[in-house]
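The block underneath contains the structure these notes are about, expressed in structure tokens.
Laboratory data are not the source of any read-out in this text; all were calculated from the coordinates shown. Please read these numbers as outputs of a predicted model, since none were measured by experiment. We place every Cβ from the backbone using ideal geometry, glycine too, and count neighbours over all the protein chains shown.
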Amino acid sequence: MLYGRQYKVDPKLRGMTLSVQCNPFIAHLPKLDAQQPDEVTLFSEQGIYVGKGVYYQRERGAHPPLPVTKEKEPIESAYISALLKEHQRSLEQARQGIDYKTAMAYDHLTLSSLSQLFARLLGRSGGLSSLSSDEMRALETFYANQPQVRSSQVRMAFEQAAGGGFQSVLWLLQQPPTTKGHE
């Protein structure tokens, strides 16, 4: 430090005792105060030139400012794109609300699944093949008239029939639903 100013020197000179010389009357550099040089010459204790020190302004820092880098483009990935599309699709479905047609089709039975359910609830092993041809014709006729039958309705009819057999369950399924207070 000289005249209250700090000078930047070679790091290998730090900690050494040096002789500092300066010329405060440098003509080619305009200064406000001639007593504060921008550059000093450094000599060892033996009088050997070891380098120079340049005025160091701590506010500016020791290093030049970092170059401004432009933002990198995001990485493109087929997997990420597929995830984003799936997420967008789910958001769109959520905005549209409940699809009652799809919700009602959840418990919808086909003729084959209705026949298998009947065989299982009747306690017969073998699935569809355990039903007689008359029972299959009766189920086909029933399904042609009521294709919107649900598995929950079939289970409820079996519970109400309480062992009454195939014909009792079909008869209960064909009856209009009743509410508990109006029986």
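Relative contact order for region 103-175: what is it in percent, counting Cα pairs under 8 Å that are at least 6 residues apart?
Across region 103-175, relative contact order equals 33 percent.
Among 114-121, 149-156, 76-83, how do they line up by average Cβ neighbours within 10 Å per residue, starting with the highest?
Peptide ranking by packing, descending: 114-121, 149-156, 76-83.
Label-point separation (nm) for Asn145 and Tyr55, each offset 7 Å from Cα along Cα-to-Cβ?
Between Asn145 and Tyr55, the simple spin-label model gives 10.8 nm.
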